[in-house]
Amino acid sequence: YAVVGNLMVHLLASGQDLRGFENFMVDLVVNKPLARKMLEKQVQSYIPRIDKYIEAVGNYIQIILVNDDLGTQYGLQISPEIYRVVIKPFHKILWNYIKEKSKKYLLLHSCGSIYELIPDIIEMGIDALNPVQISAKGMDAARLKKEFGKYITLWGGGCDTQSVLPFGTPEDVKAEVKKQVDILSPGGGFVFCQVHNIQPDVPPENIISMYEELGTLKK
């Protein structure tokens, strides 16, 4: 087993919170110096918190979770070019600091259609990616496994939570789990879980079916 510690450090999402969603998205295009200064200050503010966190729990965890939702259902929140020019340098500073300070594996939670940025994520030293939103555009499980499975662990993608888990039958859920495990597990580098969190509208029998099917596949 592995114990995961959640640092809750993000940059794009925090910028949207601090400046307001629309204001920060406009800053990224027309006021890059301001956006960069905000990102720099965010990283600086996180460092003491990271140090205290690692001091407190570093001996008890094997993985650290970092967060930033870069995608939407149909594409990235921002263009790859803007990400690489404005945000990526600060993600790299932040994530590299955490990894070097903690000596732990890094798990990135980033929802949505993020296919175009996965090579950047790998380059910056992220070890595992979650939630692997297979229902988002361009996030086909077989494609992700083929192109990136040797370089990053896919942590999620085990069962779609937008349609199959809430609205399918138990048989639909079992078929989905088998299909996804067959695609994602060969060669390792896969941690099973459903895409993101199980929502309140999911029938309990579907949750049970998901784990029952996984149990049979493990045998």
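The values are calculated or read from the model by the stated rules, or taken from the named source; none is laboratory data. What you see is a predicted model, and the numbers here were worked out from it, not measured in a lab. Note that we place each Cβ from the backbone using ideal geometry, even for glycine, and neighbour counts take in every protein chain shown.
Observations on the structure shown:
- Any hit, segment 161-176, residues being in a helix (DSSP H, G or I) and within 27 Å of I126 (Cα to Cα): no
- Checking each residue in segment 26-82 for being closer than 11 Å to L11 by Cα and in contact with a Lys or Arg (Cβ under 9 Å, 6 or more places away or on another chain) picks out A35, M38.
This table checks each residue for (1) in contact with a Leu (Cβ under 8 Å, 6 or more places away or on another chain); (2) at pLDDT 95 or above; (3) buried (at least 20 other Cβ atoms within 10 Å of the Cβ); (4) of a type in the set (V, I, T).
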| position | (1), (2), (3), (4) |
| --- | --- |
| H109 | yes, yes, no, no |
| Y115 | yes, yes, no, no |
| A136 | no, yes, yes, no |
| K146 | no, yes, no, no |
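- If the condition is being touching a Ser or Thr at 6+ places or on another chain (Cβ under 7 Å) and small (G, A, S), then segment 136-162 contributes A136, G138.
- Test: residue in segment 107-119 that is farther than 20 Å from N6 by Cα, in the same structural domain as L70 (by TED's automatic domain parsing) and charged (D, E, K, R): yes
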